[in-house]
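Chemist: Have a look at this one.
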Amino acid sequence: RSYNEMLNMFTESKKTRSEKEAVVFIKQKIDSAKWFIEAIRQRHNTLYSTMSAIMEYQKAYFLSGDETRLRPMILKDIAEVVNLDISTISRVVNSKYVQTEFGTFKLKYFFSESMSTDSGEEVSTREVKMILNEIISGEEKKQPYSDEKLTDMLNEKGYNIARRTVAKYREQLNLPVARLRKEL
């Protein structure tokens, strides 16, 4: 406002050379401020539309808080909804958090790859990891399940998964191999 008032004051009077320079300086500052405000507005709109798309895509989770209700979702899914580039969506969700009634989460938390079940249904890899964790938590500690046995158990539940993938998920869950989980 003070810049606008100065600009009005200078435009109403006859200008000396220094006053003309002041007018140019003030116009530059006003233009910079307008650009900055517009950049913030655009950033807000992008973040808002991205978060709205995530909430709509993961509606079942946001209504229940049940982690198994999270659908498989990748950056491309949201990029298509909001008509932005995948790299833009990646920058939007990077290092940003959302506070929900179920806790505060990184936006990246809501993204996961998918896996097909025997019935052809797409499930989140997070769901498979949760089931794997439950199986290992409930195992007999004197005879823990090998990765091969865990693979067979998940396959029986309808999840098409390889032994190497089970080992990878187990490591991501910070669970040791069967011989290290064994208790006497």
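The values are calculated or read from the model by the stated rules, or taken from the named source; none is laboratory data. Note that the coordinates shown come from a computational prediction; the quantities given were computed from them, not determined experimentally. Glycine also receives a Cβ, built like all others from the backbone with ideal geometry; neighbour counts cover every protein chain displayed. Surface areas here come from the heavy atoms of the whole protein model, side chains and all, with no ligands, DNA or RNA. Shrake-Rupley method; radii C 1.70, N 1.55, O 1.52, S 1.80 Å.
Chemist: Just the residues that are more than 19 Å from SER114 (Cα to Cα), open to solvent by 50 Å² or more (accessible area, probe 1.4 Å) and in contact (Cβ under 8 Å) with a residue 40 or more places away in the chain, please, taken from the range 140-182.
Modeler: Hits for the range 140-182 are LYS141, LYS142, LYS182.
Chemist: Which residue is farthest from GLU156 (Cα to Cα), if the candidates are limited to the range 118-139 and must be surrounded by fewer than 16 Cβ atoms within 10 Å (Cβ to Cβ) and among the hydroxyl-bearing types (Ser, Thr, Tyr)?
Modeler: Per the criteria, the residue is SER137.
Chemist: Please enumerate the residues belonging to the range 100-130 that are β-branched (Val, Ile, Thr) and either on the phi > 0 side of the Ramachandran plot or over 14 Å from the mean Cα position of the chain (by Cα) (or both).
Modeler: Matches in the range 100-130: THR117, VAL123, THR125, VAL128.
Chemist: Could you grab me the full set of residues in the range 3-31 that are open to solvent by less than 70 Å² (accessible area, probe 1.4 Å) and not β-branched (Val, Ile, Thr)?
Modeler: Selection gives LEU7, PHE10, SER13, GLU19, ALA22.
Chemist: Go through the range 160-177 and report how many residues are under 23 Å from the mean Cα position of the chain (by Cα) and part of a loop (DSSP other than H, G, I, E, B).
Modeler: Number of matching residues: 2.
Chemist: A further question follows. Tell me, please, whether a residue that is under 17 Å from GLU113 (Cα atoms), of a type in the set (Asp, Glu) and either at pLDDT 90 or above or under 15 Å from the mean Cα position of the chain (by Cα) (or both) can be found in the range 52-72.
Modeler: Checked against the condition, which is being under 17 Å from GLU113 (Cα atoms), of a type in the set (Asp, Glu) and either at pLDDT 90 or above or under 15 Å from the mean Cα position of the chain (by Cα) (or both), the range 52-72 yields at least one hit.
Chemist: Select from the range 60-79 the residues that are part of a helix (DSSP H, G or I), without any contact (Cβ under 8 Å) to a residue 24 or more places away in the chain and in contact with a helix residue (DSSP H, G or I) (Cβ under 9 Å, 6 or more places away or on another chain) and write down the one among them that is surrounded by the most Cβ atoms within 10 Å (Cβ to Cβ).
Modeler: ALA79
Chemist: Is it fair to say ASN45 is over 30 Å from GLU121 (Cα atoms), assigned to a helix (DSSP H, G or I) and at pLDDT 95 or above?
Modeler: Yes.
Chemist: Examine the range 106-114 for a residue that is modelled with pLDDT under 90, assigned to a loop (DSSP other than H, G, I, E, B) and surrounded by 15 or more Cβ atoms within 10 Å (Cβ to Cβ), and state whether such a residue exists.
Modeler: yes
Chemist: Same structure, new question: For the structure I just gave you, tell me whether ILE37 is surrounded by 14 or more Cβ atoms within 10 Å (Cβ to Cβ) and either in a helix (DSSP H, G or I) or of a type in the set (A, V, I, L, M) (or both).
Modeler: For ILE37, the condition - surrounded by 14 or more Cβ atoms within 10 Å (Cβ to Cβ) and either in a helix (DSSP H, G or I) or of a type in the set (A, V, I, L, M) (or both) - is not met.
Chemist: Still on this structure, I have one more. Return yes when THR46 is surrounded by 13 or more Cβ atoms within 10 Å (Cβ to Cβ) and more than 30 Å from ASN155 (Cβ to Cβ) and no when it is not.
Modeler: So THR46 fits the description; yes.
Chemist: So which residues in the range 86-96 are touching a helix residue (DSSP H, G or I) at 6+ places or on another chain (Cβ under 8 Å) and surrounded by fewer than 12 Cβ atoms within 10 Å (Cβ to Cβ), if there are any at all?
Modeler: ASN94
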